[in-house]
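Okay, structure first, notes after.
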There are 2 protein chains.
Amino acid sequence: MQNFKNYINDNRDLFIDELFELLRIPSISSQNEHKEDMYRAAQKWKEVLIKAGVDKAEVLETQGHPVTYAEKFAGDNYPTVLIYGHMDVMPVDPIDLWETDPFEPVIKDGKIYGRGADDDKGQSFMHVKAFEYLVKSDLLNCNFKFLIEGEEEIGSPNLSDFCENNREKLKADVIVVSDTSMISADVPSITTGLRGLSYVEVEVTGPSHDLHSGLFGGAVANPLNVLSSMIAGMTDSKGKITVPGFYNDVKEVSSQERELMAQAPFDEEKYKKSINVDALSGEEGYSTIERTGIRPSFDVCGIWGGYTGEGAKTVLPSKAYAKLSCRLVPNQDNEKVTQLLSQYLETVAPASVTVKVTPLHGGQGYVCPIDIPAYKAAEKAFEKVYNKRPVPFRSGGSIPIIATFEEVLGLKSILLGFGLESDAIHSPNENYPLEQFFNGIETLGWFYRYFGE
Amino acid sequence: MQNFKNYINDNRDLFIDELFELLRIPSISSQNEHKEDMYRAAQKWKEVLIKAGVDKAEVLETQGHPVTYAEKFAGDNYPTVLIYGHMDVMPVDPIDLWETDPFEPVIKDGKIYGRGADDDKGQSFMHVKAFEYLVKSDLLNCNFKFLIEGEEEIGSPNLSDFCENNREKLKADVIVVSDTSMISADVPSITTGLRGLSYVEVEVTGPSHDLHSGLFGGAVANPLNVLSSMIAGMTDSKGKITVPGFYNDVKEVSSQERELMAQAPFDEEKYKKSINVDALSGEEGYSTIERTGIRPSFDVCGIWGGYTGEGAKTVLPSKAYAKLSCRLVPNQDNEKVTQLLSQYLETVAPASVTVKVTPLHGGQGYVCPIDIPAYKAAEKAFEKVYNKRPVPFRSGGSIPIIATFEEVLGLKSILLGFGLESDAIHSPNENYPLEQFFNGIETLGWFYRYFGE
C-alpha cells in the first residue's frame, strides 16, 4: 500500500476526466424526459467498472430505472463488501442560479462544480478508483460487489424488490456507502444515524375556476390563504410540530448521549456565515446539532398557486399546492407519519375547500452501531489518512434504502461520506472539493485493506 | 329611436366581426413583450371610433402605454359625456385551462369567448356602437368624448398625469364607464360603490442558497414555512384582518343601508353552484353581499417558492414570495393601508429571515350618489330595455382611476356595467353573453338620449 498515495497523485487528471464523463449525463431520475439518460448512465457505469477491473458488470432492469451491478471475486476466505451508490441526481432548478452549466463540469478554486459532483457520482466513483488500485497492485483481500442504482433521489421505489429478487447475488458481510458528509474538511466523521422521511403533496381547491378577487374577495375562501393557515398550524411558536400524534414514537435520546454529541466540534458563527443568516431557529430546548441529528423536522419544500408572473394581477385562485416533508428519527414509522399528515390536512381544511393529499416519498431512519468490524476498520482508515480519530455523527439527512437493506438483506451499512456542508448538494452550484475526492479514494482503499485483514 | 332595436339586430354580425378584431390583439399591459401590441390596440381603437363617426380621433402618448382619445361635437347647448374604457387586458395564465385560444375569439352557446370579451373590450365597444347609431340617425343630443386607456389592469399609473395635463380636453358633465357587472341577466343594477385596493409583493429570504432539507431541516428557518405563518397571521378565525390599524378608517355602514342592501335579490345556492363550492366563508357578522360590498378583504393572489416540479425534491429553499392584495372600502386610504401591510410584514418576520415588501398597485374606493342626473337617466334607460327598475349595488371590485377622475377632473362617474358573474373575467375562458352585449348597446343608446334631454 505504500504506493497508493503516489498512484492517486499520478492519476489525478485521468480520474477527473473519467468522473466528468459520468457528470455530463443529465441523469435526473424524477423527470420523464431523462428516461433515456438513465440508461446511458447505467451503461457508462458498467464501462467504468469494467475498466477498473471487475470480473463482470451488467445493467439490470427494474420496474423503473435500471441498476448497474458488478463483482470481483478475490478468494473464499475473504469477506465480501457490497458497495452501494447512486447514479441519479436531483433536478437542477432554479437553473438561473447556476454559475456554470450543471452538466458541463468544471474545476474552479480547487472544487469540481456540477450536478452530482458530490451527490452521488463523485462519492460513488471514489470506490471505483480505490478498488482499481487494489486490483492493479494485487492487494485485493475482499470480494467486491457494486450496486449503483438510478432511483435514490426519488426514494428507491424499486430497489427493495430488486434486493428481494437478488438475495443470493447481493450476499455480503457489510454494505459500504459514501453518500453523506464529514463534519468539516479537518474533522473526519462517520455517519452513525440517518433520519427517515415522509413527503406529501397537498392540493387545496376552492372555487372551480379562478375568480376576480374584487368581486368575490372576502366572501369566498381563497385556497392560498387557507393553505397558508394549514401549514402555519403545523408548528407552534416553540418550533414543535403540532400534527396530532407526531411525537408518539419519538424516543428521547439519553442525556449521556446528548453530552457526547455536544463534544463534536461545532462553530455556530461559521455555520451561520456559511448560509448567510443572522439567526438560527428550531425546536426549543435542543442545540443545532440535536435539531438535525436526533429530532424530527417539518419543511415546506415547495409551494405554488395563483399569479406568479410579473406585476400585479388580482385573482382569487382556484387551487393552491404545496410539497411538505418531515424528517423522522429512527423509531418513527414513515408510513404512520404520512397517515398522520394526511389526516391532519384533511381534518383542518374548512368546508369551503377540498383537500387532496398524495404521498410522494417515504423512508425509515437508521442507526449504525460503532462496535461492528466495518466501523473499526473505517476508524483506522480515517486515522491513517487524516491523522485523526473520526467522530461518530448523526446526520439529519435520509437514505431510505439503508433501512430497507437491513430489513431485506439483513445487512448493516457503514456510511463513509466525504461531502462537506458547503457542497450545495440538491442546490445550484453543487460542488465537491478535489481534496475530499482524493482523500476519500485513499481512505476507502485503506478501509478495504483493514476490513479484509 | 324606434329603429334602434332593428338597427342592432340587422348589424349583429358586423358588430361581432369588429369586436373580434379588437379581441385578437393580445394587449396585456403588465407584460413588456406586449408593448407593441398596446400600440396596435390604440391604433385599432382609433380606426373603430373614426368609423363610428367621431369628428377626430388620436393616439396620445403617456409615460407608459398610449391612450386613444376621440370626440364628436353636437351642440353648445348639449351636455358632454366622457366615456372611459380600457383596451388592455389581464395575462392569460394558467393558459392550459383555456378551452379556446384567448386571443382567437369564438362564439359558443350564445357567448363570446376570449380575453377581454367582457373586461373591457366588449363593454367599451358597446358605447361605440350606441354612439354610431345616434350619429347615423341624427339623434345626437350630447357632446361625446372617448378616452380609452391602456393601463387599467396595472393600476392606471399614468392616467392621473394625463388628466392633469389635459383638463380642458377632458371637460365634461359626467364620466360614463362600462367595466362592472349586473346582479344577473334579469336583475339590472347600477354599481354605486367600488372598493379600493392595496397590492404588495413580499419576498422572504432565509439562507443565501437552497439547502438540503435533511442536513439543515429543523435548525434553519425555512422561508416557505415562515411566509405561510406570516400570511396566516394576517387574519383570525372570525375572518377579521388582524394587521394592526387596518380597520381604523373603515366606516360602519348604517343598519338602514344594510337593510336596503339585503333587499337586493341574491340566491346563495346559485352563487355557490356557479363557483362549485360547498360553503362560503368570510367575516363573521356580515352577509355575502356585505362582505364584498361594504367590507374590506385580504387575498393572497399568488405564492411561490422552492421546488414546484414533478415528483419529490427535498429542499429547504432560500426564498419565498407572495403577492398580497387587500380590497378597501371608500374611507380607507390605500397608501396608508399599504404602509400598514409593509409594517406588519417587516415586524412579524423572525430574525432568521429578511423581508422585502414592494408595493405594486393601489387605488381608492368610490361611491356614486343616486340623485345625480346621470343616475336618473340610467335608471330610465334600464327600465326601457329591461322593463325593470335597476338596483343600486355596491361592487367588491376596484377601478382606482374612478376616484382619481373625481379628484383631478372634479367629475362623478356613472358605472353602467353589463357583465355577469359567470363571465370569468381575469380567469381562463373569459366570456361575454351576446344578449348582454346587445342589450348593453341598446341601454347605452337610450341612456345618452335621456341624459341629453
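The values are calculated or read from the model by the stated rules, or taken from the named source; none is laboratory data. In this text, all values refer to a predicted model and were calculated from it rather than measured experimentally. So basically every Cβ, Gly included, is an ideal-geometry build from the backbone, and we count neighbours across all protein chains shown.
Across region B:58-81, the number of residues qualifying as without any contact (Cβ under 8 Å) to a residue 60 or more places away in the chain and either buried (at least 17 other Cβ atoms within 10 Å of the Cβ) or not in a loop (DSSP other than H, G, I, E, B) (or both) comes to 2. Taken across region A:43-57, residues that are closer than 28 Å to residue B:312 by Cβ and touching a His at 6+ places or on another chain (Cβ under 9 Å) do not occur at all.
Once region B:18-32 is narrowed to residues that are modelled with pLDDT of 95 or more and within 18 Å of the chain's Cα centre (by Cα), the residue that is farthest from the other protein chains (Cβ to nearest Cβ) is B:23.
Taken over region A:402-437, the residue count meeting the criterion of being surrounded by 18 or more Cβ atoms within 10 Å (Cβ to Cβ), of a type in the set (Asp, Glu) and closer than 24 Å to residue A:391 by Cα is 2. The set of residues in region B:95-105 being more than 14 Å from every other protein chain (Cβ to nearest Cβ) and buried (at least 23 other Cβ atoms within 10 Å of the Cβ) consists of B:105 alone. Checked against (1) in contact with a Lys or Arg (Cβ under 7 Å, 6 or more places away or on another chain); (2) free of Cβ contacts under 8 Å to residues at least 12 places away in the same chain, residue B:371 passes all but a single condition, namely (1).
Screening region A:382-418 for residues that are within 14 Å of the chain's Cα centre (by Cα) and polar (S, T, N, Q) and picking the one that is farthest from the other protein chains (Cβ to nearest Cβ) gives A:395. Any residue at all in region B:172-195 that's over 24 Å from the mean Cα position of the chain (by Cα) and either in contact (Cβ under 8 Å) with a residue 40 or more places away in the chain or in the same structural domain as residue B:322 (by TED's automatic domain parsing) (or both)? There is no residue in region B:172-195 that is over 24 Å from the mean Cα position of the chain (by Cα) and either in contact (Cβ under 8 Å) with a residue 40 or more places away in the chain or in the same structural domain as residue B:322 (by TED's automatic domain parsing) (or both).
Specify the residue that is modelled with the lowest pLDDT; the eligible residues are those in region A:247-277 that are in a helix (DSSP H, G or I) and loosely packed, with under 10 Cβ neighbours inside 10 Å. So the residue we want is A:256. For region A:332-344, a residue qualifies if it is within 20 Å of residue B:225 (Cα to Cα) and surrounded by fewer than 23 Cβ atoms within 10 Å (Cβ to Cβ), and the qualifying residues are A:338, A:340, A:342, A:343, A:344. Taking the residues in region B:307-331 that are more than 10 Å from every other protein chain (Cβ to nearest Cβ) and modelled with pLDDT under 95 as candidates, determine which candidate is surrounded by the fewest Cβ atoms within 10 Å (Cβ to Cβ). Among those residues, the one meeting the criterion is B:331. Restricting region B:230-246 to residues that are facing chain A (nearest Cβ under 10 Å) and surrounded by 21 or more Cβ atoms within 10 Å (Cβ to Cβ), the residue that is nearest to residue B:286 (Cα to Cα) is B:241.
In this structure, does residue B:50 turn out to be assigned by TED's automatic domain parsing to the domain that holds residue B:173, in contact (Cβ under 8 Å) with a residue 24 or more places away in the chain and of a type outside the set (S, T, N, Q)? Spelling it out, it is not the case that residue B:50 is assigned by TED's automatic domain parsing to the domain that holds residue B:173, in contact (Cβ under 8 Å) with a residue 24 or more places away in the chain and of a type outside the set (S, T, N, Q). Of the listed requirements (1) surrounded by 24 or more Cβ atoms within 10 Å (Cβ to Cβ); (2) closer than 20 Å to residue B:45 by Cβ; (3) within 14 Å of chain A (Cβ to nearest Cβ), residue B:194 misses just one: (2). Within region B:183-202, the residues that satisfy the criterion of being over 10 Å from residue B:393 (Cβ atoms), in a strand (DSSP E or B) and not acidic (Asp, Glu) are B:184, B:194, B:196, B:197, B:198, B:199, B:200, B:202. Taking every residue in region A:139-162 that is outside the structural domain of residue A:125 (by TED's automatic domain parsing) and pairing it with any residue that is assigned to a strand (DSSP E or B), at least 6 positions away or on another chain, yields no pair with a Cβ-Cβ distance below 9 Å. Within region A:76-130, the set of residues being within 17 Å of residue A:401 (Cα to Cα) and of a type in the set (A, V, I, L, M, F, W, C) comprises A:81, A:82, A:83, A:87, A:89, A:90.
A quick yes/no check of all residues on (1) assigned to a helix (DSSP H, G or I); (2) over 16 Å from residue B:70 (Cα atoms); (3) within 14 Å of chain A (Cβ to nearest Cβ):
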{"residue": "B:93", "(1), (2), (3)": "no, yes, yes"}
{"residue": "B:107", "(1), (2), (3)": "no, yes, no"}
{"residue": "B:122", "(1), (2), (3)": "yes, yes, no"}
{"residue": "B:131", "(1), (2), (3)": "yes, no, no"}
{"residue": "B:135", "(1), (2), (3)": "yes, no, no"}
{"residue": "B:141", "(1), (2), (3)": "no, yes, no"}
{"residue": "B:175", "(1), (2), (3)": "no, no, no"}
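Looking for whichever is closer than 30 Å to residue A:255 by Cβ, of a type outside the set (Val, Ile, Thr) and under 18 Å from the mean Cα position of the chain (by Cα) here; the options are A:366, A:375. Which one fits? Just a single option satisfies the conditions, and that option is A:366. Is there a residue being in contact (Cβ under 8 Å) with a residue 12 or more places away in the chain, part of a helix (DSSP H, G or I) and in the same structural domain as residue A:352 (by TED's automatic domain parsing) anywhere in region A:298-316? For region A:298-316, residues in contact (Cβ under 8 Å) with a residue 12 or more places away in the chain, part of a helix (DSSP H, G or I) and in the same structural domain as residue A:352 (by TED's automatic domain parsing): absent. The strands (runs of 3 or more DSSP E) found wholly in region A:350-453 and carrying at least 3 residues that are modelled with pLDDT of 95 or more occupy A:354-363, A:413-415, A:431-433. Restricting attention to region A:221-244, does a residue exist that is part of a loop (DSSP other than H, G, I, E, B), in contact with a Lys or Arg (Cβ under 8 Å, 6 or more places away or on another chain) and within 27 Å of residue B:426 (Cβ to Cβ)? No, that holds for no residue.
Just wondering, is there one or more residues in region A:204-215 that are within 7 Å of chain B (Cβ to nearest Cβ), surrounded by 23 or more Cβ atoms within 10 Å (Cβ to Cβ), part of a helix (DSSP H, G or I) and touching a residue at least 60 places away in the same chain (Cβ under 8 Å)? Yes: one or more hits.
Taken over region B:61-91, the criterion of being of a type in the set (A, V, I, L, M, F, W, C) and away from chain A (no Cβ under 14 Å) is satisfied by B:67, B:70, B:73, B:74, B:81, B:82, B:83, B:87. With respect to (1) within 28 Å of residue A:74 (Cβ to Cβ); (2) in the same structural domain as residue A:322 (by TED's automatic domain parsing), the lone exception for residue A:201 is condition (1). Among the residues of region B:278-296, those identified as out of contact with any Leu (no Cβ under 9 Å at 6 or more places or on another chain) and either among the acidic types (Asp, Glu) or not in a loop (DSSP other than H, G, I, E, B) (or both) are B:278, B:283, B:284, B:289, B:290, B:293. Of the residues examined, residue B:348 is one that is of a type in the set (Val, Ile, Thr), surrounded by fewer than 21 Cβ atoms within 10 Å (Cβ to Cβ) and not assigned by TED's automatic domain parsing to the domain that holds residue B:155.
Within region A:269-302, the set of residues being aliphatic (A, V, I, L, M) and facing chain B (nearest Cβ under 7 Å) comprises A:275, A:277, A:279, A:280, A:300.
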